[in-house]
Amino acid sequence: MSRFMNHVLPFPSLSLVLWLAWLLLNGFTAGHALLGAVLAVVLPLTTKPFWPNVPRVRNLPRMFGFVVVVLYDIVVANVSVAIKVLGPLKSLRPGFVEFPLELDDDFAIALLASTISLTPGTVSADVSPDRTTLLIHGLDVDDPAALVAEIKQRYERPLKEIFEC
């Protein structure tokens, strides 16, 4: 039975989130519940080949905390970037920063790079071939070491705890 469930629901958490999101967006009716359930099963099945080595979440409460921190940072960064862009452009100090990676899992590195790119004012530009350095572009980089320390503390450490990698 367990092997069957793994084939039908390769990512049960994703299926649950998809189903709940569908219901929240479309309403709680029997038809939408059924269609949402079908989509929640079909979508993860069809995308499974693109997710070959997804690490298991080892610390679910930490994952929820990480999501809250990222959402908060996105809101704060949007306001900060708007203020900086609307102000004198001469005061901006754009630059590239090499971020030394402690993560060793490709999925966790991709999640870190995506998180950095989601936060306005920073973009992940490249990962070194040996997966030890992430190149980040910042819109206003006053202190590269401070940027590295902040990303390590707010994003990389929680990802290490969430996925134990």
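Figure the gain on full extension for Ala30 and Ala82 (residue separation times 0.36 nm, minus the Cα-Cα span) and round it to one decimal in nm. Provide the component values of the computation, followed by the final result.
Details: separation 52, 0.36 × 52 = 18.72 nm, distance 4.35 nm.
Going from the current span to full extension adds 14.4 nm.
So what's the net charge close to Asp106: Lys and Arg +1, Asp and Glu -1, counting the other residues with Cβ under 13 Å from its Cβ? Show your work: numbers first, answer last.
Details: positive: Arg131; negative: Asp104, Asp105, Asp130.
Net charge in that neighbourhood comes out at -2.
Given points 7 Å out from each Cα along the Cα-Cβ axis, report the Ala125 to Trp51 separation in nanometres with one decimal.
3.2
With a 1.4 Å probe and all protein chains left in place, how much of the accessible area of the chain comes from carbon and sulfur atoms, in whole percent?
On the way: 7160 of 10570 Å².
Percent of accessible area from carbon and sulfur atoms in the chain: 68.
HN-Hα J couplings of the range 110-115 from phi, Karplus 6.51/-1.76/1.60, θ = phi - 60°, integer Hz, Gly and Pro as x?
Per residue, the Karplus-derived 3J(HN,Hα) values read 5, 5, 4, 4, 5, 4 Hz.
Counting only heavy atoms of protein chains, what accessible area per residue, in Å², does the range 42-165 have with a probe of 1.4 Å?
Values: 7590 Å² over 124 residues.
Computed with neighbouring chains in place, this is 61 Å² per residue.
Rounded to the nearest 0.05, what FRET efficiency do Arg154 and Leu39 have when you use their Cβ-Cβ distance and R0 = 30 Å?
Numbers: r = 33 Å, r/R0 = 1.11.
After rounding, the FRET efficiency stands at 0.35.
Report the calculated FRET efficiency for Glu98 and Tyr72 (r = Cβ-Cβ distance, R0 = 30 Å), to the nearest 0.05.
Numbers: r = 26 Å, r/R0 = 0.87.
After rounding to 0.05, the efficiency reads 0.70.
I'm spelling it out carefully: the read-out is Rg/Rh (Cα atoms, Kirkwood Rh), the candidates are [x] 0.98; [y] 1.05; [z] 0.93, and one was derived from this structure. Which label?
Label of the calculated value: [y].
Val8 to Phe64: FRET efficiency via 1/(1 + (r/R0)^6), r the Cβ-Cβ distance, R0 30 Å, to the nearest 0.05?
Working: r = 26 Å, r/R0 = 0.87.
Efficiency, rounded to the nearest 0.05: 0.70.
Work through the residues other than Ile151 whose Cβ is under 13 Å from its Cβ and net out their charges, Lys, Arg +1 and Asp, Glu -1. All intermediate terms of the calculation are to be shown ahead of the outcome.
On the way: positive: Lys152, Arg154, Arg157, Lys160; negative: Asp73, Glu98, Glu102, Asp143, Glu150, Glu156.
Computed value for this residue: -2.
Pull out the extension gain between Glu161 and Leu135, defined as 0.36 nm times the separation in residues minus the alpha carbon to alpha carbon distance; nm, one decimal. If you can, show how the numbers build up before the last one.
On the way: separation 26, 0.36 × 26 = 9.36 nm, distance 2.26 nm.
Gain on stretching Glu161 to Leu135: 7.1 nm.
The values are calculated or read from the model by the stated rules, or taken from the named source; none is laboratory data. Every value quoted in this text rests on a predicted model; they were computed, and no experiment measured them. Note that each Cβ is placed from the backbone with ideal geometry, even for glycine, and that neighbours are counted across all protein chains shown. Heavy atoms of the whole protein, side chains included, go into the accessibility calculation; ligands, DNA and RNA do not. Shrake-Rupley method; radii C 1.70, N 1.55, O 1.52, S 1.80 Å.
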